[in-house]
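Values quoted throughout were computed directly from the atomic coordinates according to the rules given, and no laboratory measurement underlies them. Being a predicted model, the structure only gives us computed values, none of them experimental. Cβ coordinates were reconstructed from backbone atoms using ideal geometry, including for glycine residues, and neighbour counts include every protein chain displayed.
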């Protein structure tokens, strides 16, 4: 297993939730994040991330209160030597994997879905913003929970922020926040023609039965 150096974790106890020790540490599959600092104030968790190399960045969360809407503020410094034009964030709970899941997902984890209780605080109204990117693609219903920021250039040496919500309704901790600069989430939807084809086959079969019974 690759040893990860230069990790600093601080502020692990929220003053308003003394019974819970919210922690965020570098997680499985991390490549890009070289240092991480964590500050917790009430239900706001601020992540100070320094990215020193290309590749995904993985943060493992645990100790979140059940059903609480947290605000995640990601303060990121890009020291990779390359600019970013997009930034994908995806939630990965523990699991044995699902058929066809992306190869980048670390062993022992799988895509989130709308039934596992883990989400980017879906329906809470918490802001989903970036100081660098102006566009956001969201999907929390198609078998994967992701936020893809784009519409800007995050240059090397530049510091910026992303803000979004996070909620676990139980049973998913620890889970990963998996981040991929210069990547969009690849989702394979059901082809639009397929439901029409199936519907047409159903109608054809119904008419055939009527002819046979006539």
Exercise. With each pseudo-label sitting 7 Å past Cα toward Cβ, what's the residue 53-residue 156 distance in nm, one decimal?
Worked result: 1.5
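Treat the count of other C-beta atoms within 10 Å as a stand-in for reagent exposure and order 135, 39, 130, 150 from fewest to most.
Values: 135 11, 39 15, 130 22, 150 18.
By the 10 Å Cβ count, ascending: 135, 39, 150, 130.
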Exercise. Ranked highest first by average number of other Cβ atoms within 10 Å, how do 80-89, 98-107, 115-124 line up?
Worked result: 80-89, 115-124, 98-107
Problem set entry | Volume of the Cα convex hull of segment 107-179, divided per residue and given in Å³ | 114
Seminar exercise, completed: Rg (one decimal) and Dmax (whole number) from the Cα set of segment 111-152, in Å, equal 11.2, 33
Seminar exercise, completed: Square roots of five times the C-alpha gyration tensor eigenvalues of segment 23-213, ordered largest first and given in whole Å, equal 37, 19, 16
Exercise. What is the distance in Å between the Cα centres of segment 112-128 and segment 20-62?
Worked result: 19
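Could you calculate the FRET efficiency of residue 115 with residue 68 from 1/(1 + (r/R0)^6), where r is the beta carbon distance between them and R0 is 22 Å, rounded to 0.05? Write out the running numbers ahead of the final one.
Working: r = 19 Å, r/R0 = 0.88.
With R0 = 22 Å, the Cβ-Cβ based efficiency is 0.70.
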Exercise. So, in nm, how far is label residue 173 from label residue 98 when the simple model puts each one 7 Å beyond its Cα toward the Cβ?
Worked result: 2.3
